[in-house]
Amino acid sequence: MPNNKNKIEIITLGCSKNVVDSERLARQLIANNFEISDTSENSDSIIINTCGFIDAAKEESINTILEAVNLKKQGKIKKVVVAGCLSERFKSELQKEIPDVDVFFGTEDYEGIVKEFGGNLKKELLGERELTTPKHYAYLKISEGCDNPCSFCAIPLMRGLHKSKPMEELLYEVKSLAAKGVKELIIIGQDTTDYGKDIYGKRNVAELLNKISQVKGIEWIRLLYAYPSHFPDELIDEIANNPKICKYIDIPLQHISDSVLKSMRRGITKKSTVNLLQKLKSRIPDLALRTTFIIGYPNETEKDFEELKEFVQEIQFDKVGVFDYSVEENTPSFILGNPVSDELKEERKTELMEIQKEISFNKNKSLVGKKIKVIIDDIEGEYFVGRTERDAPEVDGEVLIKSDEKMLKLGDIYYVEIIDCNDYDTYGKLV
Ligand code: SF4
């Protein structure tokens, strides 16, 4: 067996917040003379950063753990370490069910994991990361945990209550990312609009974004995970007036019927939601809106679903994600059971995505003939693959540019004329 001593594979599951945690952990392990490898074939150990959000994610995490344990049983690797949300939430159960795992850690326990490998935590490097995204964009996690009482959500059980990261620490992190060539920063947290209320006594994400926009090298700033019921007004102005902030907001709404929103404990009504969206669209020209909905919540009736379809037709979101309701232990809605069948959830999800597909196609068609900025992420076959300010990485559409035109530099931003489109992507040529 090749000498893979000191080679560790980190498998990251779940959301972009887990990506940031794994990048921080990788930086710590490298500082302790470990090498991060991208396959188990040439690794001595595997660390699995798990997700415990909904059923599908839990299943994927457990399958990944079992695969790693199998490699250990075959003598192909020596150590399996499990960390992250699923482990934070179900540690004792997992220890009983999968005893071949060497050790289980919760979330953000960098010190524990580094010590497990005989190293020690390098406090001076805590703001630093080993990027796993393409070098020109990175996620910036501005807070951890969540104070919102959404009835279906297990995240506060795994990530705790809302904690903002001090601005100076974040700006240090931004400067070190910009020095590495990062141009696009994607702002994440469980609820990014709550930033600052705990440590500055007010929600001041607008101030943070303004300061980030002054860091040399950062060209695009994108806000994800905004919460509808307390959207700061200054944030609307900052997004509208700051040329470095993408005219793009990801604001999960989860539903629109008042009876479902009430049972979900979202703290907002249909009327206030519509008012907020109209305000955002009127004060931020060309705004691209992304949202997500949960289908099949226990008290969702056919009438509620009709209302949701009409709402999606009316608002014309640019991007929509739809999730099936997942029954989560220890969440307030757990007692409501799961009365909406999986078949009906699937049916409703398909129907809603069909509506959105048409909206997405028409929005793409309206871009044809326009000259817009595109950042180049990758090259695939005969195309360069890029994104506009209206597209977040990994979840939204792409712009495909024929690669025989001119050699483009990954990570650079070019003006592109949109010449064609399909339901979710567009085709462009260099201007
Ligand atoms: S805002 Fe609601 S859904 Fe989102 S993490 Fe917080 S509790 Fe969960």
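For the stretch 304-351, a residue qualifies if it is at positive phi and either open to solvent by 50 Å² or more (accessible area, probe 1.4 Å) or touching a Cys at 6+ places or on another chain (Cβ under 9 Å) (or both), and the qualifying residues are GLN316, ASN330.
Against the numbered list (1) under 21 Å from HIS162 (Cβ atoms); (2) within 16 Å of the ligand (Cβ to nearest atom); (3) over 20 Å from the mean Cα position of the chain (by Cα), ASP250 comes up short only at (3). Residues that are open to solvent by less than 10 Å² (accessible area, probe 1.4 Å) and assigned to a loop (DSSP other than H, G, I, E, B): does the stretch 412-431 have at least one? No, the conditions are met nowhere in the stretch 412-431. Filtered by the rule that a residue be within 13 Å of the ligand (Cβ to nearest atom) and part of a helix (DSSP H, G or I), the stretch 125-167 gives ILE155, PRO156, LEU157, MET158, ARG159.
Checking each residue in the stretch 16-29 for being under 17 Å from THR64 (Cβ atoms) and either in contact with a Cys (Cβ under 7 Å, 6 or more places away or on another chain) or hydroxyl-bearing (Ser, Thr, Tyr) (or both) picks out ASN18, SER22.
For beta carbons closer than 7 Å, sequence separation of 6+ or different chains, a first residue in the stretch 242-261 that is in the same structural domain as PHE293 (by TED's automatic domain parsing) and touching a residue at least 40 places away in the same chain (Cβ under 8 Å) and a second that is of a type in the set (D, E, K, R) and open to solvent by less than 20 Å² (accessible area, probe 1.4 Å), the qualifying pairs are CYS246/ARG222; TYR248/ARG222; GLN254/ARG266; SER257/ASP304; SER259/ASP304; VAL260/GLU300; VAL260/ASP304. Of all residues in the stretch 103-139, those being within 18 Å of GLU88 (Cβ to Cβ), touching a Lys or Arg at 6+ places or on another chain (Cβ under 6 Å) and open to solvent by 70 Å² or more (accessible area, probe 1.4 Å) number 0.
Taking the stretch 26-50 as the range and being in contact with a strand residue (DSSP E or B) (Cβ under 9 Å, 6 or more places away or on another chain) and open to solvent by less than 20 Å² (accessible area, probe 1.4 Å) as the test, the residues that pass are ALA26, LEU29, SER37, SER43, SER45, ILE46, ILE47, ILE48, ASN49, THR50. Considering only residues that are touching an Asp or Glu at 6+ places or on another chain (Cβ under 7 Å) and of a type in the set (S, T, N, Q), which ones fall in the stretch 348-404? SER360, SER403 - these are the residues of the stretch 348-404 that are touching an Asp or Glu at 6+ places or on another chain (Cβ under 7 Å) and of a type in the set (S, T, N, Q).
The values are calculated or read from the model by the stated rules, or taken from the named source; none is laboratory data. Since the model is a prediction, treat every value here as computed from it, not as a measurement. Glycine also receives a Cβ, built like all others from the backbone with ideal geometry; neighbour counts cover every protein chain displayed. These area figures cover heavy atoms from the full protein model, side chains too; ligands, DNA and RNA do not enter into them. Shrake-Rupley method; radii C 1.70, N 1.55, O 1.52, S 1.80 Å.
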